[in-house]
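Asks: I have a structure I would like to understand better, so I am pasting it below and will then ask my questions one at a time.
The values are calculated or read from the model by the stated rules, or taken from the named source; none is laboratory data. Just so it is clear, the model here is predicted, and its values are computed rather than measured. Note that we place each Cβ from the backbone using ideal geometry, even for glycine, and neighbour counts take in every protein chain shown. These accessible areas exclude ligands, DNA and RNA; they are computed on the full protein's heavy atoms, side chains included. Shrake-Rupley method; radii C 1.70, N 1.55, O 1.52, S 1.80 Å.
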Amino acid sequence: TTGHGWRGSDDGVTTANSLAAADDARELEERVARIRRVSPASMTLADALALLLGPRPAPEPAVRRAILMRSDCPMDARVAAFADADAGVRAFAVGTAGTPIDAVLTMADDPDWQVRLEVAKRPDCSTGVLARLAADPDSYVSRAALSNPGVSVQVLISVLVAGTSRADSRLVALNEALNPRKLAGDLVAANEIGALELLGRDDLPAALVGAF
């Protein structure tokens, strides 16, 4: 009797799981259909922009991102999407290739890390903004800034001198912008963590190794 009872319970769970899976599949199909409806083949640009920026925008962020992906979406519409309520949409707009850097830099103080990350990843990001983002409280943002080829050498040195994060110190120590022979006088002040990561470089001058 106990065995039959357990079997019935399992059957009920299986049925519930199957129904939930069917609902999820149906919702996914409907979402894909809504995204396809805003493609250039299905909707005019004017109607699509109304759903992106109009007084009654499409409620789903995925649909608004799909509009931004349209090849005919004008740059001014992408910049206007910087004001979108959804962080994912803002980040997508900021990260779109070709977006004017002057507009992108205005998003460096966005409250959401996803948006700041896209700013930090821009190869043409200003050194001043990169210096600020290198100290961002979110590690994804700060490390993107530290990895950016435009980050100043002084910012890299400051990370090694502070030595508060082994991961950050390792990232900086491997940066090709650091020239230990030219910067030995600055690098000698590196914190123990920073010095340990620098010792992994094969171009470290003997005098600096001895100082460590």
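Asks: Can you tell which of 26, 64, 70 is over 30 Å from residue 152 (Cβ atoms) and either touching a Phe, Trp or Tyr at 6+ places or on another chain (Cβ under 7 Å) or open to solvent by 40 Å² or more (accessible area, probe 1.4 Å) (or both)?
Replies: 26
Asks: Still on this model: Does the stretch 38-61 hold any residues that are part of a helix (DSSP H, G or I), over 28 Å from the mean Cα position of the chain (by Cα) and of a type outside the set (A, V, I, L, M), and which are they?
Replies: Result: 47, single match.
Asks: Next up: Could you check the stretch 162-178 and list, in sequence order, the residues that are under 26 Å from residue 105 (Cβ atoms) and part of a loop (DSSP other than H, G, I, E, B)?
Replies: 165, 175, 176, 177, 178
Asks: Evaluate the following for residue 121: is it of a type outside the set (Val, Ile, Thr) and modelled with pLDDT under 90?
Replies: No: the conditions fail for residue 121.
Asks: Evaluate the stretch 53-62: report whether one residue or more is at pLDDT 95 or above and of a type in the set (Asp, Glu).
Replies: no
Asks: Let me ask something additional. Tally up the residues in the stretch 127-142 that are in contact with a Leu (Cβ under 6 Å, 6 or more places away or on another chain) and farther than 26 Å from residue 85 by Cβ, please.
Replies: 1
Asks: Another question about this same structure. With out of contact with any strand residue (DSSP E or B) (no Cβ under 9 Å at 6 or more places or on another chain) and under 20 Å from residue 143 (Cα atoms) as the only criterion, which of 107, 75, 69 stands out?
Replies: 107
Per-residue answers, yes or no, for (1) in contact with a Lys or Arg (Cβ under 9 Å, 6 or more places away or on another chain); (2) on the phi < 0 side of the Ramachandran plot; (3) among the small types (Gly, Ala, Ser):
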{"position": "82", "(1), (2), (3)": "yes, yes, no"}
{"position": "97", "(1), (2), (3)": "no, yes, yes"}
{"position": "148", "(1), (2), (3)": "yes, yes, no"}
{"position": "174", "(1), (2), (3)": "yes, yes, no"}
{"position": "181", "(1), (2), (3)": "no, yes, no"}
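Asks: Restricting attention to the stretch 189-202, which residues are in contact (Cβ under 8 Å) with a residue 24 or more places away in the chain and part of a loop (DSSP other than H, G, I, E, B)?
Replies: 189, 190, 191, 200, 201
Asks: Residue 181: among the charged types (D, E, K, R) and assigned to a helix (DSSP H, G or I), yes or no?
Replies: The answer is no for residue 181.
Asks: Next up: Read through the list (1) open to solvent by 40 Å² or more (accessible area, probe 1.4 Å); (2) in a helix (DSSP H, G or I); (3) modelled with pLDDT under 90, then give the number of the only condition that residue 208 fails.
Replies: (1)
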